[in-house]
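Notes for the one structure printed next.
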Amino acid sequence: MDSGFYAACAALVSRTQALDTIANNLANVSTTGFRATHNVFSSMLAQSGATPVSVLNQDANDYDLLSKTQLDSSQGSLVNTNNPMDFALEGQGYFAVQTASGVAFTRGGTFRVTAQHQLVTSEGDPLLGPTGPILLPPGPISVSSDGTIAVNGATAGRFRMVEFPPNVQLGSSGRSYYTAPPSAKPAAVTTSTVHQGALESSNVNPVTSVIELITAQRDVERMRNVLSLLNGQMDKTAAQDLPRVG
């Protein structure tokens, strides 16, 4: 009975954690440049030392866990806005941004120029070029597909855009910002291009996410019912069977 109780409890915890991930995806279905996060489950066999266990014990002590979450790097849809200060990336690249906590990366391309002529994100964080924050003179801005910025027809800067190897998992730091592990070595873009006057939509599939949410909610409810049944069985054993043993 204890094994069943622990297994149901582990499943309840993992599905509750999964609900948080799915809910966050749905909350950002309209966030520009947002990339969905998917749950990755694994199992853990509770075993004492190197003592072999029977097949029955393996089934009873195999616990379901949420081992990690994985960022979905698939391309979101590009939507034309005709706003010259909107930028979308096609490919696997990211814009580099200087935040208060360090360099972050984003695909959210809603930018603006401050009174100090600095190019910043919608959150007010400076966009980075090859040598630091991008400063632009007054005038209309045009950007080529490789990220070169021109003002009044003269080159004024360039976006610092980076790509990461497929095995590097970026972490979400809120909004549409992502951070790389300290060991990750970002490389200059080779396959990504910039589209001016467009934005990339979130790559969250709302239909799939709603189905995942309903499934996880039902799993949580089932595990709660199992725990209630097991708890009731324990109470019955304590109240009826233990006195007989005494």
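Read-outs: derived from the displayed coordinates by stated rules, not from any lab. Note that this is a predicted model, so its numbers are computed, not measured. Glycine also receives a Cβ, built like all others from the backbone with ideal geometry; neighbour counts cover every protein chain displayed.
Each residue in Asp125, Asp146 was given a count of other beta-carbon atoms within 10 angstrom of its own, and listing them fewest first yields Asp146, Asp125. The distance between label points at Ala23 and Ser73 comes to 3.0 nm (points 7 Å beyond Cα on the Cα→Cβ vector).
Legend: calculated FRET efficiency, Arg222 to Thr148, from the Cβ-Cβ distance at R0 = 51 Å, rounded to 0.05, equals 0.35.
In terms of its alpha-carbon gyration tensor, segment 78-200 comes out prolate; a/c meets the 1.5 threshold, and the first ratio a/b outweighs b/c.
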